[in-house]
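Okay, structure first, notes after.
The values are calculated or read from the model by the stated rules, or taken from the named source; none is laboratory data. As the structure is a prediction and not an experimental result, all values here were calculated from the model. FYI the Cβ positions are ideal-geometry reconstructions off the backbone, even for glycines, and counts take in every protein chain you see.
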Amino acid sequence: MKAKNNNNYDFTVVLPEAQEKLNRQFNSVTKLQDFAKSMFGVSSIAMSLFSTIISIQEGWFSSTVNIILFILTIIIYTMLTFFNVKSILPVSLKHALKPTWEIYSKVAYKNSAEGSNAMLVFQYLEVIKDNENILIEQYERSKCICTMLAILMFLIFLQSVMFSIT
């Protein structure tokens with residue numbers, strides 16, 4: 001099959017790829033938010049079980065070690081909740097075209113097809129670059145959530161072991 005001789009060929013090839021990359025960014029944010037919601041649920045259940053165990057035990061707070069572990073658990077859970085809520089909140093990713101008549105008219109009417117595609121590709125590349133920072137921040141928050149959840153579970157396990165020893 002012979003390629004069409006078209007001055008616009010390069011931009012028509014690149015434009016769908018740029019559009020797909022932007023769509024992947026939006027999907028990634030949704031997945032990271034869903035992950036944060038799941039981790040929030042897991043940590044809440046763990047803390048509920050932990051609170052129940054502590055509430056039925058007599059003399060739990062008579063040991064300084066137990067009090068320190070309890071305070072650490074509350075601090076980690078509070079930080080974990082903060083990161084979860086921050087990750088669940090809506091994220092403002094940019095779109096390639098701002099929904100204004102001025103922008104749409106530039107793309108649709110004032111430019112040639114080649115100029116419109118070039119402008120679109122440039123817009124997509126700029127927006128993808130800007131959104132990348134937001135995605136990296138969201139991803140780093142997710143890593144912090146995992147680390148804090150692991151620490152929280154360890155503290156709960158450690159306190160359970162401490163209770164069974166005493």
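Values as computed for the structure displayed
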item	result
Enumeration of residues in region 23-49 that are basic (Lys, Arg) and either in contact (Cβ under 8 Å) with a residue 40 or more places away in the chain or more than 16 Å from Pro90 (Cα to Cα) (or both)	Arg24, Lys37
Residue match in region 71-91 (condition: touching a Phe, Trp or Tyr at 6+ places or on another chain (Cβ under 6 Å) and at pLDDT below 85)	no
Complete set of residues in region 36-64 that are farther than 13 Å from Ser160 by Cβ, touching a helix residue (DSSP H, G or I) at 6+ places or on another chain (Cβ under 9 Å) and of a type in the set (A, V, I, L, M)	Ala36, Met39, Val42, Met47
Residue in region 133-152 that is modelled with pLDDT of 80 or more, assigned to a helix (DSSP H, G or I) and basic (Lys, Arg) present	yes
Filter pass, Ile67 being in contact with a Phe, Trp or Tyr (Cβ under 8 Å, 6 or more places away or on another chain), surrounded by fewer than 14 Cβ atoms within 10 Å (Cβ to Cβ) and closer than 15 Å to Leu155 by Cβ	yes
